1. If we scan region 324-338, do we find a residue that is over 26 Å from Met68 (Cα atoms), crowded, with 24+ Cβ neighbours inside 10 Å, in contact (Cβ under 8 Å) with a residue 24 or more places away in the chain and charged (D, E, K, R)?
2. Any chance region 143-150 includes a residue that's more than 16 Å from the chain's Cα centre (by Cα) and either part of a helix (DSSP H, G or I) or free of Cβ contacts under 8 Å to residues at least 24 places away in the same chain (or both)?
3. Looking only at region 349-361, decide whether some residue is more than 22 Å from Val73 (Cα to Cα) and buried (at least 20 other Cβ atoms within 10 Å of the Cβ).
4. Here's a check for you: in region 77-116, which residue that is without any contact (Cβ under 8 Å) to a residue 12 or more places away in the chain and surrounded by 14 or more Cβ atoms within 10 Å (Cβ to Cβ) is nearest to Ala194 (Cα to Cα)?
5. Tell me, yes or no, whether region 385-403 has at least one residue that is under 22 Å from Asp139 (Cβ atoms), of a type in the set (Gly, Ala, Ser), modelled with pLDDT under 90 and in a helix (DSSP H, G or I).
6. In region 332-347, which residue that is among the charged types (D, E, K, R) and in a helix (DSSP H, G or I) is farthest from Ala279 (Cα to Cα)?
7. Going by the conditions given, is Leu161 out of contact with any Lys or Arg (no Cβ under 7 Å at 6 or more places or on another chain), in a helix (DSSP H, G or I) and within 19 Å of Leu33 (Cα to Cα)?
8. For region 13-54, which residues satisfy the criterion of being in a helix (DSSP H, G or I), of a type in the set (Ser, Thr, Tyr) and closer than 22 Å to Gly238 by Cβ?
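The values are calculated or read from the model by the stated rules, or taken from the named source; none is laboratory data. This one's a predicted model, so the numbers in the text were calculated from it and none came from an experiment. Quick reminder, even Gly has a Cβ in these numbers, built from the backbone with ideal geometry, and neighbours come from all protein chains shown.
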Amino acid sequence: MLGSQVGCAAKRRALGPDPRRLLASGGLVNAGLATSSVFVSLFFYLASGSVSEMALYSVGRYAGLIVMSLVVVRAFPNSSPRRLFRVGLLLSAAFYGALIALGRSAGDLAAPLGLFNGAALGIYWFGANTLAYDVLEPDERGHYYGWNFALMSVLNVVMPLTAGFVIARIGGTPGYIAVFAIALASFFAAFVSARGLADTRGVGGVSLRYALSFPLQRTEWGRMWIALVLRGFKQASGGVGLILLVALATHSSRDQGEFAAMASLAGVGTSLVAGRLPARWRSTGMWVGATGFAAATLLLFLHLNFRVLLAYGFVTGLIYPTLMVPLASLVLETIADDPLAHKLRGGYVLSREIAANVGRIVAVGLLVIFLAVTSPTRAVLIVLTMAAVLQLVVAQLGRTGQSPASRQPAAAPVRP
């Protein structure tokens with residue numbers, strides 16, 4: 001099966017109708033996330049006056065992602081990915097509605113609101129990731145993820161700048177509420193748009209123990225599982241830590257938007273190029289992304305100010321897609337290599353979500369521990385340095401995941 005996929009990969013074609021619809025609906029979701037993600041975390045920090053509350057929101061969010069992924073496969077095994085996609089969007093819109101209604105009092109509810117947001121996004125991502133597996137042909141995967149990350153990068157330029165301007169113009173809590181209203185509208189628009197998505201079969205039921213056994217049953221998936229954990233560690237350490245560094249350096253919501261925009265602007269072209277890398281060059285691309293990201297982290301040990309942070313954001317935004325885009329495609333290929341993938345795809349998606357969110361929770365947990373024993377700046381730098389080193393491991397896992405030995409059809413996992 002894999003041999004045919006590798007052959008198809010050499011013959012790239014334009015994305016089909018279903019992938020284009022998924023890209024469009026996902027784009028609206030990414031618009032909402034790009035508008036609000038930085039400012040939701042910052043809002044909990046400002047509303048509570050505590051870094052710990054911001055961290056609690058993140059921990060609750062990632063825990064909610066894992067818990068709801070488990071609930072989906074156990075309680076709703078026959079729900080189609082499209083239905084999960086749309087229900088997750090409605091619940092995400094409800095989260096922003098709750099923030100608008102609660103205002104500054106939301107600062108005292110960081111953990112439960114994070115849990116609710118994570119649960120909503122857990123349903124959405126389970127549906128979205130399963131749909132991606134269902135509708136993408138082998139020769140479309142790299143192309144799709146290249147466009148997806150490029151679109152995300154464009155939105156991460158435009159929307160944070162817009163949100164920062166809105167908050168600066170309106171000021172205070174009303175400014176944040178206006179930003180949350182924009183996000184709510186984006187999620188609702190995505191819900192309407194998602195009516196046209198392909199209606200594929202249910203995700204299927206699978207136990208937590210069985211999903212956790214996947215990395216042990218298949219060496220190839222074990223490598224990808226660890227890579228996803230380490231990628232999740234990087235996402236959370238940057239998502240929380242860099243917001244804190246910018247806040248400490250500038251005390252400005254507009255500067256938060258400018259930093260997010262700078263980091264994303266640099267990655268637009270790189271994402272498109274990474275999505276078109278031939279299979280034989282993907283390992284090199286992943287190593288370029290990992291080593292470049294690690295080298296850029298050294299910038300943070302210079303005199304830390306907003307200019308240095310912008311330089312760090314630009315360099316990492318430019319280079320990291322060469323690791324991120326091939327990894328996303330390689331994960332789907334590794335799932336598809338299993339002869340029983342058509343029956344077990346729900347379990348693989350669950351395993352994937354657990355991996356990513358374990359990494360995120362570990363990163364935030366370590367940040368909280370370091371915040372208790374050292375200064376905020378030093379605590380963030382320690383965690384970001386760990387993330388940079390771990391991306392070198394991700395590149396190595398990606399390289400071995402593409403080795404000839406790992407390209408052989410895997411033995412089927414033991415059935416539960």
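1. Scanning region 324-338, I find no residue that is over 26 Å from Met68 (Cα atoms), crowded, with 24+ Cβ neighbours inside 10 Å, in contact (Cβ under 8 Å) with a residue 24 or more places away in the chain and charged (D, E, K, R), so the answer is no.
2. yes
3. No, region 349-361 has no match at all.
4. The extreme case among them is Leu102.
5. Yes - at least one qualifying residue is present in region 385-403.
6. The initial filter retains those residues of region 332-347 that are among the charged types (D, E, K, R), namely 333, 337-338, 343, 345.
Of the ones still in play, those that are also in a helix (DSSP H, G or I) are 333, 343, 345.
On the way: Glu333: 11, Lys343: 27, Arg345: 23 Å.
So, considering only residues that are among the charged types (D, E, K, R) and in a helix (DSSP H, G or I), the one farthest from Ala279 (Cα to Cα) is Lys343.
7. Against the criterion (out of contact with any Lys or Arg (no Cβ under 7 Å at 6 or more places or on another chain), in a helix (DSSP H, G or I) and within 19 Å of Leu33 (Cα to Cα)), Leu161 qualifies.
8. Those that are in a helix (DSSP H, G or I), of a type in the set (Ser, Thr, Tyr) and closer than 22 Å to Gly238 by Cβ: Thr35, Ser36, Ser37, Ser41, Tyr45, Ser48, Ser52.
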